[in-house]
Amino acid sequence: MTHKVLIIGSGGREHALVWKLSQSSVVTKIFVAPGNAGMEDLAQRVTLHSHDAIVSFVRQESIDLTIIGQEVYLVEGLVDRLEREGFLAFGPSAASAQLEGSKGFAKDFMQRHHIPTAAYRQFTEVLPAEQFLETLKPPYVIKVDGLAAGKGVLICQTKEDARQQIHNILELHAFGDAGSSIVIEEFLKGEEASYFVISDGKNYITCPSAQDHKRIGELDTGLNTGGMGAYSPAPVVTASVEDLILKQVVEPTLKGMSEEGHPYKGVLYIGLMIDGGQPRVIEYNCRFGDPECQPLMMRLKSDLFPLLRASARGDLSTTQAEWDSRPTACVVLASEGYPENYPKGKIITGLDDNTENVMVFHAGTVKDGPVYRTNGGRVVGVTGMGNTLENAVAAAYDRIRNIHWDGMVYRRDIGLKGLCHFKDGRATKSVAIMIGSQSDLEIAKKATAVLDQFGVGYSLCVTSAHRTPERTREFMHKAEVAGVEVFIAMAGMAAHLPGVAASETTRPVIGVPILSSLQGMDALLAIAQMPPGIPVSTMAINGSVNAALSAIQMLSIRYTDLRARMKLYRLEMAQKVAQAHQDAGLETL
C-alpha cells in the first residue's frame, strides 16, 4: 500500500523530513506547506494559510499522514482539529504541546513530577521579578513564557542587564503576547545536550543524542538564535547519563502527561544540561529540533514513515528504529545581522552537488529562475557524515568552502566541544618538564598553567645536566615508562640540560633558555647550537608558555581532544584581538 504525506513547515528541519520521507518505499507523494526552494525536487509545495485550509487540503488530496514540523501549529491545536475530522496527524495535542508553548507550565509540570530542573519563579510584573533577582547570582536566565521562535531565552551577565530585559519584555512588550509573563531561573552549569524520543502516549522509541549550538557567535557568545549548528551523537551523553535521562526525565514526563489526561504523542525534544554525569532539564520542545533534525535524519537507516504513522496511531509497540553508528554534524550558514535585522535576496552559489555523506538542507532560500537567493536568517544547514565526529565536522566545513553569498556568516567551532571528550587513550602525564634549579620554578609554572588549561598532565623535576646526570637519566626513563611523549627542558647559563635530554630519548625535546647574566644569550646559544643528531626545538628566552603550547601541538597530531582544544584556543585569541580593536574605538574594515 502506498501513501500520501503532507508536511507543515518551511525550514531546514522540514527539508530533512522531506528528504528522508522521499526515500520511503511506501510514500508516493509528498506535499509541503509552504516549504522552501530546496525541497522542490522532492515535494510539491502548496500554500495553506489556516487550519481550515489545511483540513480541506487533507480531505481533498486524501492525505494519509500530516506531519507538523512547526511548534506554533501544535500549540494552536492543529493535531486536535485533524483528529476530530478523522485524519491521522503526527504531533502532540494542544494540551501536550504546552510543554513547549508555556515555559511556566513546563516548569510547574516538572516540579509536580519531581523531574530534575533549575530552581525558578514566574512573574507578570516588573517589581517582584526584580526582587527575585536579588536572591540569585549571575548570570541570570530570563525566559519568555510563550513561543518566541527559539529566541526567547536571555542570559544576562549583570543584574543591570537583567533588569533592562525584564522591563523590555513586561513593559515594552518586546516579545508581544508571548512575553506577557516570564520565568526567571537559576543558571545551570555544565554541558548542554538534546535528547529525543518518539512516543505514542504509552511506548517510546529513543533517538540518538545531539548537541545544539544556540548562540550566534563562536565560543557561545552573542544573541540566542534558533540554532547555528548541531552534531550527533553528543559524547557528554554517556551510557550511564542516558540511563538517568530515561529514568529521571523521559519516563516521568510521559507518565505524568498521561496521568494528567494528556497522553503525549509525537516527538518529545528534551533540552538538557549535564553536570558531573547528572542531567537536568532546561526545556521541552514538542517537535524535532532545528538543526538537530538534520543530523538525526542523516543517521536514520529505517523508513521514517512507519515510525511517524505508528506514533500517530498510538501503537509503537511493534515498531523499531535502526540508526547509523557514524556521527553527523550540521553547520548553519546564516545572513549577516541574524538574529536581528538582516538583508534578503542575496545570490547564493555552490548549493548543488550533494553527496552520500554531505547534504545541504535549505531553510531560508527562494528560487529566482535558475538562481537561489537568501530569504531568511538561517539560510542553509550543511550536514556531513563521517566514520568519526571529527571526520563528519571536516566534511561539513569542506563543503562550505564552495558555498558563497555576500554577508554569509557561520560558526567555526561546531562540534569542537564534543571532540574535547576524545582523549584517545592519552597517558595521565604526557609532558615532562625539567628545570635546572628551584629558582626556575616560577618560569616553569607559566608552562604548567597552560598545560592545566588544556587538560594535559605533566611531571616536573629539578635536575642538573652537570651535577646530577644520573638523576636526569632516571627521571627521563621513568617518564617514558609512564607515557610521557614530549620533554621540556629549561636551563640558564651553560644551558646543556636540553641537549642532554635530547641525547637520552627519541621523543621530542623543547629547550627554553632562562634569563641569566648575559640576558639569556648564553643560554639561548647553548641550546640552539646542538651538534648533528641531537635535535632540540628552541623557544625564545623565557618562552615557557610557547613551549607548553608547542608540546600540545605535537600531541595534537595524535589526540583528537587536543586538536579541538587548540582550535578553541585560537578562536579565543582571535576574539580577544577583535575585542581590543572594538575597545580602542577603531573602525572595522
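Computed values, structure above
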{"quantity": "Those trypsin sites (Lys or Arg not before Pro) in region 396-467 that DSSP places in a loop and that have at most 16 other beta carbons within 10 Å", "calculated": "401, 412, 423, 467"}
{"quantity": "Extension gain (nm, one decimal) between residue 174 and residue 518, 0.36 nm per residue minus Cα-Cα", "calculated": "117.3 nm"}
{"quantity": "Accessible-area value, residue 514, 1.4 Å probe, nucleic acids and ligands omitted, Å²", "calculated": "10"}
{"quantity": "Kyte-Doolittle at least 0.0, axis length at least 27 Å by Cα - qualifying DSSP helices, the chain", "calculated": "none"}
{"quantity": "Accessible-area ranking of 405, 323, largest first, probe 1.4 Å", "calculated": "323, 405"}
{"quantity": "Calculated FRET value between residue 161 and residue 421, using beta carbons and R₀ = 30 Å, to 0.05", "calculated": "0.40"}
{"quantity": "Candidate residues 374, 355, 506, 319: accessible-area rank, largest first, probe 1.4 Å", "calculated": "506, 355, 319, 374"}
{"quantity": "Förster radius 56 Å - calculated FRET efficiency between residue 478 and residue 578 (Cβ-Cβ, nearest 0.05)", "calculated": "0.80"}
{"quantity": "Relative contact order [Cα under 8 Å, 6+ residues apart], region 476-534, whole percent", "calculated": "34"}
{"quantity": "Packing-based ranking, highest mean first, of 202-213, 111-122 given that Cβ atoms within 10 Å are counted", "calculated": "202-213, 111-122"}
{"quantity": "Approximate spin-label separation residue 259-residue 344, in nm, with each point projected 7 Å along Cα-to-Cβ", "calculated": "4.7"}
{"quantity": "Two-site FRET efficiency, residue 72 against residue 449, from Cβ-Cβ distance with R₀ of 35 Å, rounded to 0.05", "calculated": "0.10"}
{"quantity": "Listed residue pairs exceeding 19 Å between alpha carbons, taken from 189/265; 202/255; 417/445", "calculated": "189/265; 417/445"}
{"quantity": "Positive minus negative residues near residue 80 (Lys, Arg vs Asp, Glu; Cβ under 15 Å)", "calculated": "-2"}
{"quantity": "Contact order relative to length of the chain, as percent, for alpha carbon pairs under 8 angstrom and 6 or more apart", "calculated": "11"}
{"quantity": "Antiparallel DSSP beta bridges within the chain, percent to nearest 5", "calculated": "65"}
{"quantity": "Local net charge near residue 417, Cβ-Cβ under 12 Å (Lys/Arg +1, Asp/Glu -1)", "calculated": "-4"}
{"quantity": "Heavy atoms of residue 349 accessible to a 1.4 Å probe, total area in Å² rounded to 10", "calculated": "70"}
{"quantity": "Additional length obtainable on full extension of the chain from residue 315 to residue 391, 0.36 nm per residue less Cα span", "calculated": "23.6 nm"}
{"quantity": "Structure-derived Rg and Dmax of the Cα atoms in Å - corresponding label in (i) 24.4, 88; (ii) 35.9, 112; (iii) 28.2, 94", "calculated": "(iii)"}
{"quantity": "Over the chain: helical MRE at 222 nm, DSSP H runs n ≥ 4 each giving -39500 (n - 2.57), nearest 500", "calculated": "-9500 deg cm²/dmol"}
{"quantity": "GluC sites (Glu not before Pro) restricted to region 60-108 and DSSP loop, no more than 14 other C-beta within 10 Å", "calculated": "85"}
{"quantity": "Net charge contributed by nearby residues that have their C-beta within less than 13 Å of residue 562 (K/R +1, D/E -1)", "calculated": "+3"}
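The values are calculated or read from the model by the stated rules, or taken from the named source; none is laboratory data. Everything numeric in this text was worked out from a predicted model, so none of it was measured. Because the Cβ atoms are built from the backbone with ideal geometry, glycine has one as well, and the counts that use them run over all protein chains shown. These accessible areas exclude ligands, DNA and RNA; they are computed on the full protein's heavy atoms, side chains included. Shrake-Rupley method; radii C 1.70, N 1.55, O 1.52, S 1.80 Å.
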